[in-house]
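Q: First the structure, then my questions, so here it is.
The values are calculated or read from the model by the stated rules, or taken from the named source; none is laboratory data. Bear in mind the structure is a predicted one, so any value in this text is a computation, not a measurement. Cβ placement follows ideal geometry from the backbone for every residue including glycine, while neighbour counts extend to all protein chains displayed. Keep in mind that these areas ignore ligands, DNA and RNA; they rest on the heavy atoms of the full protein, side chains included. Shrake-Rupley method; radii C 1.70, N 1.55, O 1.52, S 1.80 Å.
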Amino acid sequence: MAKKETQEFQFVVYNTMTQQKEVFKPKTPGKVCMYVCGVTAYDFSHLGHARAAVSFDVLYRYLKHLGYEVTYVRNFTDVDDKIIRRANETGEDPISLSDRYCKEYNIDMSDLQCLSPTHEPRVSDHMEQIKDMITQIINKDFGYVVDGDVFFAVDKFPNYGKLSGQKLENNRAGERVAVDSRKRNPSDFALWKAAKPGEPSWDSPWGPGRPGWHIECSAMSAHYLSFKFDIHGGGLDLIFPHHENEIAQSCAACEESDVSYWMHNGHVTNNNEKMSKSLGNFFTIRQITERYHPLALRYFLINAHYRSPLNYSIVQLEGASDAVFYIYQTLKDCQDALLQLQEEMPNDGKPARISPDAKECISKLRNEFQVKMSDDLSTSLILTGAFLEALKLVNNLLTMLKKKQQKQQRLLVIQSLKEIEKEVTKILDVLGLQPPCSYNEVLLQLKEKALTRAGLVEDDVIRLINQRAEVRRNKDFLKSDQMRAHLQAKGIALMDVGTETIWRPCVPVQQESGIVPSEGQKVPPKPETA
């Protein structure tokens, strides 16, 4: 059963259907059923796909955090015009080509720490369910057959357009096929497409063919979740016509069909234009993660509200990378200190005694997290404010440990550190930002990515550090500052700690507006797009 939420922290989500925020109440107490439209797998996935996946992964994680038992379904479209075109270009079998890109997508999702959905159905595995639903639609007089094609008659569905507010004349078959003169109404859309030479097809009561795009999700969501479930999600661009058509199909097949909440994430833009494969202005997830750590990319994606547009920016990616480095460095320092002081910690089973500052910090951290997450997943406001104050307090407490203290005061500091760290890692876990490896490993990975962006290897940095040390010994401080500034412009910060100089990644002083290779470095070419 779900944990009982207080009135103050009722979970509120924005429902696209009603265009307002609503208190979330699942159809079955303690359980949530959620369907999210996945990718059409014919190429490497881009940043827009990453945003949708991460947005709904945060929702999935938060629902589980609240104590709900969640059934999460995210599909793969592996039967589609775009897949067939790409397969014809490459000489591959369409299903095999799509299977390859489904696997590549799941690698990207793993890198971004998106939890695996409960079910990941593919269209090619659900032809019987699709044909059964089309049969139901035809039997109820919402569909008609023309030369082996089956169309949905939108005139028969009076509520068509209730999700998007769009008028019938704006529906041009999903922009995926040309207008067909055989249709009774130009807005009618395909449920089944008659087989064409050289295309994959399946037998059906209307002749060999394959399903239309929209019917796939209706059939798979009904199969795994029934016709009545809690949340249907996807990108903003799917509201019309895809989700509008899903509603029409599902209600035609079962008049009791009902989705409680329709949730949509905003676009990723590039120079304020929607990033998409069709426009050719996109970056693949792989292109980004070759140069930035996947956790930095995830931080970047959740650092804006999921419904807001997110403008792609190297400056913001650099800022995200710097932010996660600071978080993990602070937690590593805390973890290292606690490990060394393990023997000083009491093991009497009593509640930990912590300082008033730590109590206030933890209270603010919990309160801010609950308030922001319960308000339609306002992740952009969580990793600031109380969260940063908590990290600052951790660093202050670590500094205090280096000073001489009475035993009781020292114990108070140690237990305060432990409790704050525990609270911070809980938040990171819900946001999907808790690393799968040690903090030390992820810090080394972040440093390696920074070197890649700078066009350097660590030996280069060590050599420059040694050269700078010699310059400083000669008291040429102007040249020393110039050498430091040279590295800082490449995203490498030098820090003098006593007699030693160490380095860490930083935000470069100067940034380009797009992914531009550093001297001697090349950015991998984008995969071809349809």
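Q: Would you work out the Kirkwood radius for the chain? I mean one over the mean of 1/r across all pairs of different Cα atoms, in Å.
A: Its Kirkwood hydrodynamic radius stands at 26.0 Å.
Q: Sticking with this structure for a sec: So which of LYS140/LYS228; LYS21/LYS359; LYS25/LYS156 end up more than 21 Å apart, counting from Cα to Cα?
A: As for pairs spanning more than 21 Å Cα to Cα, those are LYS21/LYS359; LYS25/LYS156.
Q: Relative to the longest principal Cα axis of the chain, at what angle does helix 127-139 sit, 0 to 90 degrees, rounded to 10?
A: The helix 127-139 is inclined about 50 degrees to the chain.
Q: Under a cut-off of 20 Å between alpha-carbon atoms, report the lysines in cross-link reach of LYS274, not counting same-chain residues fewer than 8 places apart.
A: LYS82, LYS526
Q: Let me ask something else about it. Under a crude label model (7 Å from the Cα following the beta-carbon direction), how far is SER438 from ASP99 in nanometres?
A: So the label points at SER438 and ASP99 sit 4.0 nm apart.
Q: Between LYS364 and ASN271, what FRET efficiency follows from the Cβ-Cβ distance if R0 is 51 Å, with the result rounded to 0.05?
A: That pair, LYS364 with ASN271, gives E of 0.85.
Q: Express in whole angstrom the spacing between the alpha-carbon centres of region 85-133 and region 457-503.
A: Here the answer is 49 Å between Cα centres.
Q: If you place +1 on the Cβ of every Lys and Arg and -1 on the Cβ of every Asp and Glu, how big does the dipole about the Cα centre of the chain come out, in debye to the nearest 20?
A: Dipole of the chain, to the nearest 20 debye: 1600 debye.
Q: Moving to a separate point now. With r defined as the distance between the Cβ atoms of LYS479 and ASN281 and R0 fixed at 35 Å, what FRET efficiency is calculated, to the nearest 0.05?
A: After rounding, the FRET efficiency stands at 0.25.
Q: Here's a follow-up. Could you please state, rounded to a whole Å, how far the C-alpha centre of region 369-427 is from the C-alpha centre of region 182-198?
A: Cα centroid to Cα centroid, the span is 59 Å.
Q: To the nearest 10 degrees, how steeply does helix 458-473 sit against the main Cα axis of the chain, on a 0 to 90 scale?
A: Taking Cα atoms only, the helix is inclined about 30 degrees.
Q: Can you give me the long-range amide H partners of ASN265? Hydrogens built in the peptide plane at 1.01 Å from N, cutoff under 5 Å, separation of 5 or more residues or another chain.
A: GLY234, GLY235, LEU236
Q: Let me ask something else about it. Normalised by the number of residues in the chain, what is the relative contact order in percent for Cα pairs under 8 Å and 6+ residues apart?
A: Relative contact order of the chain: 16 percent.
Q: Given a Förster distance of 22 Å, report the FRET efficiency between ASN311 and GLN10 from their Cβ-Cβ distance, rounded to the nearest 0.05.
A: 0.10
Q: Tell me the angle of helix 439-454 to the major Cα principal axis of the chain, expressed in degrees between 0 and 90 and rounded to the nearest ten.
A: In the chain, helix 439-454 runs at an angle near 80 degrees to the longest axis.
Q: Same structure again: Name the residues whose placed amide hydrogens come within less than 5 Å of the amide hydrogen of ASP188, ignoring near sequence neighbours (fewer than 5 apart) on the same chain.
A: Sorted by chain and number, the residues that satisfy this are VAL154.
Q: Using the heavy atoms of the protein chains and a 1.4 angstrom probe, tell me the accessible area per residue for the chain in square angstrom.
A: Per residue, the chain has 46 Å² of solvent-accessible surface.
Q: Rounded to whole Hz and in sequence order, give me ³J(HN,Hα) for region 230-244 from the Karplus expression 6.51 cos²θ - 1.76 cosθ + 1.60, θ = phi - 60°, writing x for Gly and Pro.
A: Working through the residues one at a time gives 8, 10, 10, x, x, x, 4, 5, 8, 4, 9, x, 4, 6, 4 Hz.
Q: Further question: As a quick test, which of the pairs LYS418/LYS447; LYS27/LYS372; LYS402/LYS447 have an alpha carbon distance above 29 angstrom in this structure?
A: Distance filter (> 29 Å) returns an empty set.
Q: Follow-up. From the phi angles alone, apply the Karplus equation (6.51, -1.76, 1.60; θ = phi - 60°) to region 48-65 and give each ³J(HN,Hα) in whole Hz, x where the residue is Gly or Pro.
A: x, 5, 4, 5, 4, 5, 5, 4, 7, 5, 4, 4, 4, 5, 5, 4, 5, 4
Q: What percent do you get for the relative contact order of region 72-215 when only Cα pairs under 8 Å and 6+ apart count?
A: 22
Q: Can you show me the helix-derived [θ] at 222 nm for the chain, built from DSSP H runs with n ≥ 4 at -39,500 (n - 2.57) apiece and divided by the number of residues, rounded to the nearest 500.
A: Here the helix-only value at 222 nm equals -14000 deg cm²/dmol.
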